[in-house]
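Structure first, commentary second.
The values are calculated or read from the model by the stated rules, or taken from the named source; none is laboratory data. As the structure is a prediction and not an experimental result, all values here were calculated from the model. Every residue, glycine as well, gets a Cβ built from its backbone with ideal geometry; the counts of neighbours run over all protein chains shown.
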Amino acid sequence: MDRCIVLVDAGYLLGAAASLLAGEPSRSRITVDHTALVQGLREQAESDTERPLLRIYWFDGAPDRVPQPEHRRLRVMPRVTVRLGALTRSDGRWAQKGVDAAMHAELTELARNRACSDVVLVTGDGDLLPGMMAAKEHGVAVHLWAVQAADGDYNQSEDLVAEADERRVLDRTWITKAVRAKELGGVCAPPPVPRPEIAAILSAPLPESGLGATAERPAEERPHPDTARAGAGERVPAAKGVPTPKDLAALRAPGAQQAAQQPASATLRWSSDRGWVDRPGVASEPPEAASMPTLAQLTTAEQRWADREEDITTVGGDPYEVGQVFARRWVERLGDQPHLPKLSAMYPRIPHRIDGELLRYAARFGLLAHKDDQIDEHDRYAIRAGFWREIDVRTGAEHAPAGD
């Protein structure tokens, strides 16, 4: 067949690009425009081989082989097929498992079936040498592409270099058309500005009168509120300078002077029932919050099928985007019910049932993977920020940051 196929080892391509642009091979240090990258690979392959592209195979690792947001974006692009190996953590470092074997199997199978006349390999691993040799024996021309090395030296196996029919180096100019280094300190979603009553609580010092005899002890020796559960005499990390919702909930006790140290109207509403400090006398979720329907209750079977189709083909899986998509569906199906103004008034707290459903929805996009079945704090913040941003757009509320 007079067609070309591109096999990409994403770990090599993006790791080498990160080394070149950011000085270290961590892919978290770069931002990738996958659409531009795929288009660049296609155009370069068709130019070098003088053959039309059949397909680009993208090989990468993922925790438990669960597609991550970038894999979800890639796999719905035309002429792109994603193959995932495992991603495991050993000695504090992530390592791909099964990616080289999958590339080897794909390369030899394509050559044996004469699916193409030219194959482009974007890799540096010498484990692919037997596959490269087998492809050549079946009459396939092998093009080996390298990413320009940060130190000017080889970043590919010398055996691969020697065995390849044609070679090309993707230099800095080519790479920067689709990849750029991240600026240090960047965040994925704009944090909403806290309301004044929340800021008042967060800025207040930890009350000490409710701590009894422990108030006079050095900060590093004071028992944490959880000590009662852990057992007497157990030491815990020092208290933070800014009280957390958990601190405030534990310290809120009869006789404490907490109310005197903060505005009487101050209320801390959190996106979880645990640690939610409300006005005195309110010990549980408000009835209007508990009565709000979940998205599942508002969704028909036909809508559920359409949602799944959209999740697979359109939603990239970025945490902020996931929150927006969930909120959009919930609001559209809620209709003219009076729950929306009540929800907006609860900002930044999301009712427990809806918040749990939101996080379970986010888990479909691989955001739980490699984190011990927990979505990390930054991602949870971004998910909820996206949820509230969509609510703001549809209600005209002012929860979002100024100028956003």
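When Gly366 is tested against the conditions (1) modelled with pLDDT under 90; (2) surrounded by fewer than 20 Cβ atoms within 10 Å (Cβ to Cβ), the lone failure is (2).
Could you name every one of the strands (runs of 3 or more DSSP E) located completely within segment 12-99 that has at least 2 residues being surrounded by fewer than 16 Cβ atoms within 10 Å (Cβ to Cβ)?
The strands (runs of 3 or more DSSP E) meeting that bar are 80-90, 93-97.
With respect to the conditions (1) at pLDDT 95 or above; (2) in a loop (DSSP other than H, G, I, E, B), Ala150 falls short on a single one, namely (1). Quick one: which of Arg394, Arg329 is out of contact with any His (no Cβ under 8 Å at 6 or more places or on another chain), modelled with pLDDT of 85 or more, surrounded by fewer than 20 Cβ atoms within 10 Å (Cβ to Cβ) and outside any loop (DSSP other than H, G, I, E, B)? Step by step, each of Arg394, Arg329 is checked, and only Arg329 is out of contact with any His (no Cβ under 8 Å at 6 or more places or on another chain), modelled with pLDDT of 85 or more, surrounded by fewer than 20 Cβ atoms within 10 Å (Cβ to Cβ) and outside any loop (DSSP other than H, G, I, E, B).
Return yes when Val8 is at pLDDT 95 or above, assigned to a strand (DSSP E or B) and touching a helix residue (DSSP H, G or I) at 6+ places or on another chain (Cβ under 8 Å) and no when it is not.
Yes, satisfied.
Does Ile383 fit the bill of being outside any helix (DSSP H, G or I), outside the structural domain of Arg65 (by TED's automatic domain parsing) and modelled with pLDDT of 80 or more? For Ile383, the condition - outside any helix (DSSP H, G or I), outside the structural domain of Arg65 (by TED's automatic domain parsing) and modelled with pLDDT of 80 or more - is not met.
Within segment 293-314, does at least one residue satisfy the condition of being of a type in the set (A, V, I, L, M), closer than 28 Å to Glu70 by Cα, outside the structural domain of Arg72 (by TED's automatic domain parsing) and modelled with pLDDT under 85? Looking through segment 293-314, at least one residue is of a type in the set (A, V, I, L, M), closer than 28 Å to Glu70 by Cα, outside the structural domain of Arg72 (by TED's automatic domain parsing) and modelled with pLDDT under 85.
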